Amino acid sequence: MTAIKLSARPTRSINLLKLVGWLYLGGMYLFLMLPILTLVIFSFENSRFPTLPWTGWTLRWYGDLFRDGRLIQSLGYSLWISPAAAAAATVLGFCAAYVLNRFQFLGKKFLSIVLIIPIIIPPLILGVAFLGLLSRLQLQGKLISIFLTHVVILIPTAIALIGLRLSQMPKDLEEAAWNLGATEWQALWRVVLPWSIPGIAGSWLLAFTFSFDEFVIAWFVSGFKQTLPVAIYTFLGANLTPALNAIGTLIFLISICLLVGVELLLIPILLGQRRSS
Amino acid sequence: MSHPPATRPIATPNERSGLKYIGLAPVVIYNGIFFLLPLLFLIWIGFWSTENYRAIPGFSLDNYIDIFSQLFTRSRYAYALLQTAWVASTTTILAILLCYPFALMLVFGVPERLQRFAVLLAIAPFWSSYILRLYAWQTILNRNGLFNTLLLKLQVIQEPLPIIFTQVATRIGILHYLAPIVILILYLVLRNSDRALLEASRNLGATQWQTFWRVLLPLSKPGIIYSALFGIIISAGDVLSGIVLGGGTGRSIFGPIPLFSTVVLNEYAGTTNLPRTSALATILVILLLVILAAGLKLSDPPRD
């Protein structure tokens, strides 16, 4: 696709407009990046209090983080709940997206709307709702409850993203496989699934991020075993420590890795590059 | 987020394939148990009562009568709702006003080969922890924080600005969460808008401003409405920014009043009164559904 500029006739005023535009772009990027830069920079600041002027470099907050261990323990919980919930949601989402993409049936539109709805209900409401049910089932305060409830909010993104990827698949591809003698399952396994892999991987990544960062539902349904955001929340209330900057920096490192995955998988799908593979 | 409809029904080798049911059953059962059931439970529990700190199943309208009577007398809930409406609507408008030019620059200003990177950079903050970003904003906006220190050093101000624990700070936190989402939506809509129409408009002698106002802006209307819906839902449901940056009862033009979501959370944390909390959450659900329906009706283009 070639870029077509709004400005077909460049003039001096348009150059000024461009300059303002670039300055604006820079300002917004600064706003977007400012908190993350703050976390990273102050995780190495010697003083207990994150204020200027700079008093010197240190690594002791990272040491604190591991010595205290509570945040690291929660990180551990998060690091099994989120990948597992993301995987479960992606599998369920793929199955649903495939059926919605391939079959025509009565109530299909209704069903696809119903399956997307959990994402538009604020987590606060879902948190209260889950607590109500789980306390009846004697399941509240367990790590498994966070997993079970997170899957619900992750399914919509999986359906949407994998569905988007599937909708970009040439319709003849699957039919060609059938014509060449493949059974439905073979075509699904050898043609549709490989085609969907960027969507599957992308939706897992996105789901992982959502779950890893989810606070309110986890706050309501978790007990003493807290996921990382809930543990951080308790730290914010009780004992502020620069170790928070340290864990923030570590999380940011994890998210940079995720971002590379997003760049490779998600953006092509969102931009609809049909002939990417 | 819905799927583009298939252009034509596919000739399957077996029209009565059982695949349909195998594929849908797990997700339907799962969502039935873990989504629909809890929501119905939420509504039901809203009618329970509480005795000696224990929720008693039953049917009473006490919670709702209590909440609604307080709407007009002690007014705690009413003010919280008003505060939420005020903060959510202004934050959403601000988000769109700030992100629209940004998305415009991404599509029309940034060279094609750099666009993917530029978009990635813009949505990067979304990938790091929200609560830690809010903590970082605390560091920035505090009385002795970076922002105030900088302004004092530059002698722009004589006294530190009271930003933290106001709804202004709350808005900054929500805005920072919302911006990558809104930018992405607006970017996709603007990028996919029909270039031929823009060129035609220019060729027919429209100025740049006219092309923007009469062609591009109407074309991007669905994106603006989706962004607004996301903005309202996210900011009305957000708990963290109001507590971490707003300090629970953030000052605003109405005075120091918490957001509705903060009230819901505190109601549960303070009294573990699940029936009352459920009733409050149900009210929020209904209000958001009304807003959502109105928004979707708006985004539906009038038939001609």
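Mind running the shape call on chain B? Use the C-alpha gyration tensor, a ≥ b ≥ c as the square roots of the eigenvalues: rounded below 1.5 for a/c, prolate if a/b tops b/c, oblate otherwise. If you can, show how the numbers build up before the last one.
Details: a/c = 2.03, a/b = 1.13, b/c = 1.79.
In terms of gyration-tensor shape, oblate.
If the only charges are +1 at each Lys and Arg Cβ and -1 at each Asp and Glu Cβ, what is the size of the charge dipole of the stretch B:181-268 around the Cα centre, to the nearest 20 debye? It would help to have the intermediate numbers written out before the result.
Values: 6 positive and 4 negative charges, 71 e Å.
That gives the stretch B:181-268 a dipole magnitude of about 340 debye.
Along the charge dipole of chain B, Cβ charges K/R +1 and D/E -1, which of B:ILE232, B:MET105, B:ILE56 sits furthest on the positive end?
B:MET105
Given the alpha-carbon gyration tensor of the stretch B:150-218, what are the semi-axes of its equivalent ellipsoid in whole angstrom, ordered largest first, with each equal to the square root of 5 times an eigenvalue? Walk me through the numbers on the way to the answer.
Numbers: eigenvalues 336, 63, 17 Å².
Three semi-axes, in Å: 41, 18, 9.
What accessible area, summed over both chains, is buried at the B-A interface (1.4 Å probe, Å², nearest 100)?
Working: alone 19580 and 17360 Å², together 26880 Å².
Summed over both sides, the interface buries about 10100 Å².
Which value, in debye to the nearest 20, describes the size of the charge dipole of chain A about its Cα centre when Lys and Arg Cβ atoms bear +1, Asp and Glu Cβ atoms bear -1, and nothing else is charged? All intermediate terms of the calculation are to be shown ahead of the outcome.
Details: 19 positive and 10 negative charges, 108 e Å.
Dipole size: approximately 520 debye.
In the stretch B:157-304, with Lys and Arg counted as +1 and Asp and Glu as -1 at Cβ, which of these residues, B:SER220, B:LEU198, B:ILE185, has the Cα nearest the positive end of the dipole, that is, farthest along it?
Toward the positive end, the furthest listed residue is B:LEU198.
On average, how much accessible surface per residue is there in chain B, in Å², for a 1.4 Å probe, leaving out ligands, DNA and RNA? Write out the running numbers ahead of the final one.
On the way: 14540 Å² over 304 residues.
Accessible surface, normalised per residue, equals 48 Å².
Please report, in cubic angstrom per residue, the volume enclosed by the convex hull of the alpha-carbon atoms of the stretch B:133-255. Kindly include the intermediate steps, with their values, before the conclusion.
Working: hull volume 18.6 nm³, N = 123.
For the stretch B:133-255, the hull spanned by Cα atoms encloses 151 Å³ per residue.
Can you give the Rg/Rh ratio of the protein assembly as shown, where Rg is from the C-alpha atoms and Rh is the Kirkwood radius?
Ratio of gyration radius to Kirkwood radius for the protein assembly as shown: 0.97.
Carbon and sulfur: what percent of the protein assembly as shown's accessible surface (1.4 Å probe)? Can you show the working numbers first?
Details: 18420 of 26880 Å².
Here it works out to 69 percent.
Taking N as the number of residues in the stretch A:103-145, what is its Cα Rg relative to 2.2 N^0.38 Å?
Working: Rg = 14.7 Å, N = 43, 2.2 N^0.38 = 9.2 Å.
Normalised Cα radius of gyration, the stretch A:103-145: 1.60.
Which lysines, if any, have their Cα less than 29 Å from the Cα of A:LYS18, not counting same-chain residues under 8 positions apart?
A:LYS5, B:LYS221
Against the 2.2 N^0.38 Å scaling, with N counting residues, where does the stretch A:49-167 land? I'd like the Cα-based Rg ratio to two decimal places.
Details: Rg = 20.4 Å, N = 119, 2.2 N^0.38 = 13.5 Å.
Cα-based Rg divided by the globular estimate yields 1.50.
Provide the per residue accessible area, probe 1.4 Å, for the stretch A:190-277, rounded to a whole number of square angstrom. Please report the intermediate quantities before stating the final value.
Working: 3380 Å² over 88 residues.
Solvent-accessible surface per residue comes out at 38 Å².
For A:ALA231, what charge total do you get from the other residues with a beta carbon under 14 Å from its beta carbon, if Lys and Arg give +1 and Asp and Glu give -1?
Working: positive: A:ARG70, A:LYS225; negative: A:ASP68, A:ASP213, A:GLU214.
Every neighbour counted, the sum reads -1.
Using C-alpha positions alone, give me the convex hull volume of chain A per residue in cubic angstrom. Working shown, then result.
Values: hull volume 55.3 nm³, N = 277.
Residue-normalised Cα hull volume stands at 200 Å³.
What number results when the radius of gyration of the stretch A:212-255, computed over Cα atoms, is divided by 2.2 N^0.38 Å? Write out the running numbers ahead of the final one.
Working: Rg = 10.9 Å, N = 44, 2.2 N^0.38 = 9.3 Å.
Relative to the 2.2 N^0.38 Å estimate, the stretch A:212-255 comes out at 1.17.
Counting other Cβ atoms within 10 Å of each Cβ, which trypsin sites (Lys or Arg not before Pro) in the stretch B:244-304 have at most 14 and sit in a DSSP loop?
Values: sites: B:ARG251, B:ARG276, B:LYS297, B:ARG303; in loops: B:ARG303.
Loop-located and lightly packed - B:ARG303.
If you wrap the stretch A:144-277's Cα atoms in a convex hull and average its projection over all directions, what's the area in nm²?
Values: hull surface 40.3 nm².
With every direction weighted equally, the projected area is 10.1 nm².
Have a look at A:LEU133, A:ILE121, A:GLY248 and report the one farthest towards the positive end of the charge dipole of chain A, computed about the Cα centre with Cβ charges (Lys/Arg +1, Asp/Glu -1).
After comparing all options, I get A:ILE121.
Compute, for the protein assembly as shown, the length of the dipole vector about the Cα centre, with Cβ point charges of +1 (Lys, Arg) and -1 (Asp, Glu) only. Units Debye, rounded to 20. It would help to have the intermediate numbers written out before the result.
Values: 40 positive and 22 negative charges, 183 e Å.
Computed about the Cα centre, the dipole is about 880 debye.
The values are calculated or read from the model by the stated rules, or taken from the named source; none is laboratory data. Note that the structure is a prediction, hence the values are computed from the model and not measured. Virtual Cβ from ideal backbone geometry, glycine too; neighbours counted across all protein chains shown. Surface areas here come from the heavy atoms of the whole protein model, side chains and all, with no ligands, DNA or RNA. Shrake-Rupley method; radii C 1.70, N 1.55, O 1.52, S 1.80 Å.
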